[in-house]
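The values are calculated or read from the model by the stated rules, or taken from the named source; none is laboratory data. From a predicted model like this one, the values you see are computed outputs, not experimental measurements. Every residue, glycine among them, receives a Cβ derived from its backbone with ideal geometry; neighbour counts consider all protein chains shown. We work out accessible area using only protein heavy atoms, side chains counted, and drop any ligands, DNA or RNA first. Shrake-Rupley method; radii C 1.70, N 1.55, O 1.52, S 1.80 Å.
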Amino acid sequence: MAGRKDDCIFCKIANGDIPTNSVYQDDNFNVFLDAAPASKGHVLIVPKVHYDNAYSMDDEFAAKVFPLATKVANAVKKAFNADGVNVVQNNEEAAGQTVFHFHMHVIPRYKDDDVNVTWKQHELTGDEQTEIADAIKKEL
Ligand code: AMP
Ligand code: ZN
C-alpha cells in the first residue's frame, strides 16, 4: 500500500503542506503549475501518495493516471487555445527525472514555440529490429 514519503517535496505539495497553484484536486491527485514551465499552461499531475516513478506504480493506481491526463490535456488546450499538447513522464535521472516522486507533465504547445521534446532518430536493419523486439517480448 503506497503512502507518503518523508522529506519528499511533491508529497508535501500534493497534500497541501506547501502552498501551490493547484488547478485540480481529487482523492488521489493534485494538478499544479510547474514552477519553471516549458510553456504557458505547463502543469504537473502528481499523486498524493508516493511512487518514485512509473516502475513502482500498481495497476489500479496507474489506471487512474491517463484519464486525468486526458482531462487536463483538453483543459490546457482549451484555456490557451494551444496548437498541441505533450504528455511526458520521466523515469530516473538518465531519462531527465529530477523530482523522484512520480509526476506527469502536461505541456501545451504553440506553433513556433521554443519547447524541445525531440530525439535523434536512428536506422535499424530488419535483423536488429527483430533482436530488439525479441528482447523486449521476453520481459513482458
Ligand atoms: P522532472 O524533470 O520530470 O522530474 O520534472 C520535475 C519538474 O518539477 C520540473 O519541470 C520542475 O520545474 C518542477 N518543479 C520542481 N520543483 C517544483 C515545485 N516546488 N513546484 C512546482 N514545480 C516544481
Ligand atoms: Zn513523494
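Within the range 81-94, can one find any residue that is free of Cβ contacts under 8 Å to residues at least 60 places away in the same chain, at positive phi and acidic (Asp, Glu)?
Yes, the range 81-94 contains a residue that is free of Cβ contacts under 8 Å to residues at least 60 places away in the same chain, at positive phi and acidic (Asp, Glu).
Residues are listed down the side, and each one gets a yes or a no for (1) more than 19 Å from Asn21 (Cβ to Cβ); (2) within 16 Å of ligand 1 (Cβ to nearest atom):
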{"site": "Val65", "(1), (2)": "yes, yes"}
{"site": "Ala69", "(1), (2)": "no, yes"}
{"site": "Asn86", "(1), (2)": "yes, yes"}
{"site": "Gln89", "(1), (2)": "yes, yes"}
{"site": "Ala95", "(1), (2)": "yes, yes"}
{"site": "His103", "(1), (2)": "no, yes"}
{"site": "Arg109", "(1), (2)": "yes, yes"}
{"site": "Gln121", "(1), (2)": "yes, no"}
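Which one of these is touching a strand residue (DSSP E or B) at 6+ places or on another chain (Cβ under 9 Å), outside any loop (DSSP other than H, G, I, E, B) and in contact (Cβ under 8 Å) with a residue 40 or more places away in the chain: Val99, Val106?
Values: Val99 fails: outside any loop (DSSP other than H, G, I, E, B).
None of the others qualify; the one that does is Val106.
Can you name the residue in the range 1-31 that is part of a loop (DSSP other than H, G, I, E, B) and within 12 Å of ligand 1 (Cβ to nearest atom) and is also most open to solvent (accessible area, probe 1.4 Å) among such residues?
Residues of the range 1-31 that are part of a loop (DSSP other than H, G, I, E, B), as a first pass: 1-8, 15-21, 26-28.
Still in the list and also within 12 Å of ligand 1 (Cβ to nearest atom): 8, 17-21.
Values: Cys8: 14, Asp17: 90, Ile18: 57, Pro19: 122, Thr20: 54, Asn21: 104 Å².
My answer is Pro19.
Which of (1) open to solvent by 40 Å² or more (accessible area, probe 1.4 Å); (2) within 11 Å of ligand 1 (Cβ to nearest atom); (3) charged (D, E, K, R) does Asp34 not meet, given it meets every other one?
With (1) open to solvent by 40 Å² or more (accessible area, probe 1.4 Å); (2) within 11 Å of ligand 1 (Cβ to nearest atom); (3) charged (D, E, K, R) applied to Asp34, the lone miss is (1).
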